[in-house]
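Presented below is the structure to which this report refers.
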Amino acid sequence: MALSTLIQELQKQYQLDKREIEVVMTYVLKINTAGLFIYDKELQQPQLDTIHQLLEKRQQGIPFAYLTGTKDFWSLSLNVNEYTLIPRPETELIVEYVLEKTPSDFDGSILDLGTGTGAIALSLALERPKANIFAIDQCSKCVATAMSNKDKYQLTNVTVLQSNWFENLTGKRFDFVISNPPYIAKDDCHLSNLQFEPRSALVADKKGYSDLEHIINHAKHHMTKTAQLILEHGYNQSEVVQQKLKSNCYLNVKSHRDLAGIQRITTADAPKSCY
Ligand SMILES: C[S@@+](CC[C@H](N)C(=O)[O-])C[C@H]1O[C@@H](n2cnc3c(N)ncnc32)[C@H](O)[C@@H]1O
């Protein structure tokens with residue numbers, strides 16, 4: 001059977017988008033999307049079985065990244081699993097921002113709070129090999145995953161630690177403090193689309209603000225005089241995050257839009273006073 005006919009049949013059988021079927025096919029056949037148009041071999045039964053198994057799981061809503069165990073972020077292919085958030089493309093805005101603010105031989109320090117797979121910390125480690133990068137997460141399985149990704153790319157300038165936010169960072173200060181913390185409110189309707197990702201990576205008390213607030217309150221004690229704080233937050237949270245930063249005496253508070261035009265990150269300089 002021609003591949004295009006098989007794709008149509010699978011689309012009908014699983015009621016999934018054509019693109020979903022194609023992604024699974026390219027993964028199983030180890031080809032790229034263009035390769036689907038010229039593929040002329042007969043599919044073997046084990047390949048067909050794997051395609052059906054994966055499509056059944058996609059039909060249940062399990063994200064493709066959890067099925068393959070990897071997700072591309074920046075220039076990395078990161079190991080992911082049920083304990084880690086799947087890194088999102090919009091988070092690359094943080095990486096872009098730090099790269100804009102630092103020369104290629106930057107040898108300062110960077111802290112990534114709630115590192116998950118290590119997405120932000122490891123991308124920066126690769127781009128700024130002289131920087132001294134700390135990546136922390138409360139979840140031990142996330143720490144293990146971030147370490148596996150660090151080893152995968154042999155990045156020697158990253159330290160991965162288990163810590164409840166700043167708890168195990170006493171006395172340490174950084175030139176950049178970065179976080180993409182949990183920021184979704186418990187009753188947010190978007191959570192129903194995120195049921196396969198860990199709640200501990202997504203949900204925060206106080207209508208989604210408790211972790212952002214904790215980081216804003218404590219980061220200043222871990223920042224060098226010229227340091228910057230960079231926070232990712234929800235699409236409608238920039239105003240409140242700005243207010244919290246300003247009331248904590250951070251300076252030069254600004255929000256930045258992602259490619260979809262959404263105010264996705266807010267940055268601020270370390271306070272000069274108010275310690
Ligand atoms: C939204 S995910 C971000 C993951 C990763 N930085 C990314 O952008 O893909 C938030 C991360 O914060 C971690 N986290 C939640 N509460 C924490 C806490 N109290 N201390 C440290 N990390 C925490 C979660 O385990 C999760 O990995």
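The values are calculated or read from the model by the stated rules, or taken from the named source; none is laboratory data. Because the structure is predicted, anything quoted here is derived from the model rather than measured. Reconstructed Cβ throughout: ideal geometry from the backbone, glycine too, with neighbour counts over all protein chains shown. For the accessible areas, the whole protein counts, side chains as well, though only heavy atoms, and no ligand, DNA or RNA atoms are used. Shrake-Rupley method; radii C 1.70, N 1.55, O 1.52, S 1.80 Å.
Just to be sure, is A270 away from the ligand (no atom under 12 Å from the Cβ), closer than 30 Å to Q59 by Cβ and small (G, A, S)? When the stated conditions are applied, A270 does not pass them. Against the condition modelled with pLDDT under 95 and open to solvent by 20 Å² or more (accessible area, probe 1.4 Å), how does S192 come out, does it pass? In short, yes. Restricted to the stretch 25-105, the set of helices (runs of 4 or more DSSP H) holding at least 2 residues that are at pLDDT 95 or above and surrounded by 13 or more Cβ atoms within 10 Å (Cβ to Cβ) comprises 45-59, 64-68, 92-101. Within the set A204, A121, A144, the sole residue that is within 13 Å of the ligand (Cβ to nearest atom) and surrounded by fewer than 19 Cβ atoms within 10 Å (Cβ to Cβ) turns out to be A144. Of all residues being away from the ligand (no atom under 14 Å from the Cβ) and in a loop (DSSP other than H, G, I, E, B) in the stretch 106-118, which is least open to solvent (accessible area, probe 1.4 Å)? Just the residue, please. Going through the qualifying residues, I end up with G108.
I'd like to check something: does the stretch 96-106 contain any residue that is within 21 Å of P198 (Cβ to Cβ) and among the charged types (D, E, K, R)? There is no residue in the stretch 96-106 that is within 21 Å of P198 (Cβ to Cβ) and among the charged types (D, E, K, R).
When restricted to residues that are in a loop (DSSP other than H, G, I, E, B) and open to solvent by less than 20 Å² (accessible area, probe 1.4 Å), the stretch 158-187 contains 6. In this structure, L161 does not satisfy being under 27 Å from E197 (Cα atoms), at pLDDT 95 or above, in contact with a His (Cβ under 9 Å, 6 or more places away or on another chain) and within 14 Å of the ligand (Cβ to nearest atom). None of E213, E232, E239 is of a type in the set (D, E, K, R) and touching a residue at least 40 places away in the same chain (Cβ under 8 Å) except E232.
Residues in the stretch 215-234: is at least one open to solvent by 20 Å² or more (accessible area, probe 1.4 Å) and within 18 Å of E100 (Cβ to Cβ)? Checked the stretch 215-234: at least one residue is open to solvent by 20 Å² or more (accessible area, probe 1.4 Å) and within 18 Å of E100 (Cβ to Cβ).
Among residues of the stretch 80-93 that are within 13 Å of A144 (Cβ to Cβ) and of a type in the set (A, V, I, L, M, F, W, C), those with a beta-carbon under 8 Å from a residue that is more than 7 Å from the ligand (Cβ to nearest atom) and at pLDDT 95 or above at least six positions away or on a different chain give the pairs V80/A65; V80/Y66; V80/G69; V80/T70; V80/K71; V80/I86; V80/T145.
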